[in-house]
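So the structure is just underneath, and the comments pick up after that.
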Amino acid sequence: MATKKQFVSNLMKLFCLSFFVLTNCNVRAQKVFSVQYANQADVKVFIVNYPNQADLKVYKVKYNNQVGNNEGLWFFTQYTNQSDKKIFFVKYANQADVKIYFVEYQNQAGWNDNSKKAYFY
């Protein structure tokens, strides 16, 4: 039977490991670059007309340090090597990996379909 000291020690190890894993996960991937050709893209997106049609509601931020943790805050980079993901805007919804809607306010951004989140990790 484990003593109280061993229990606390194991609990501290678990806490430290969890903290390390959570702080070192890079899940932002919200700096995007719009490419000219579909074969250059990591993700193909289609802009829908209404927010309820979208998989992701996107808010364009002004500065790259404002990007979030895959929550729909996008910064469009000037060069492809500055981006986390390269996107291509398709003409038809059935060609898209993710359907997006651009929102007016930051607090409106977010996922409607969590199954598509993996495209931006």
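Read-outs: derived from the displayed coordinates by stated rules, not from any lab. These numbers come from a predicted model, not from an experiment. In this analysis, Cβ positions are derived from the backbone assuming ideal geometry, glycine residues included, and neighbour counts consider all displayed protein chains.
Once you list every other residue whose beta carbon is under 13 Å from the beta carbon of Y50, what net charge do they have if Lys and Arg are +1 and Asp and Glu are -1?
+1
What does the net charge come to around K86 if you take all other residues with beta carbon closer than 11 Å to its beta carbon, with K and R at +1 and D and E at -1?
Once all neighbours under 11 Å are counted, the net charge is +1.
Gain in length, I47 to N94, computed as 0.36 nm per residue apart minus the alpha-carbon separation, to one decimal in nm?
Extra length from I47 to N94 when fully extended: 15.8 nm.
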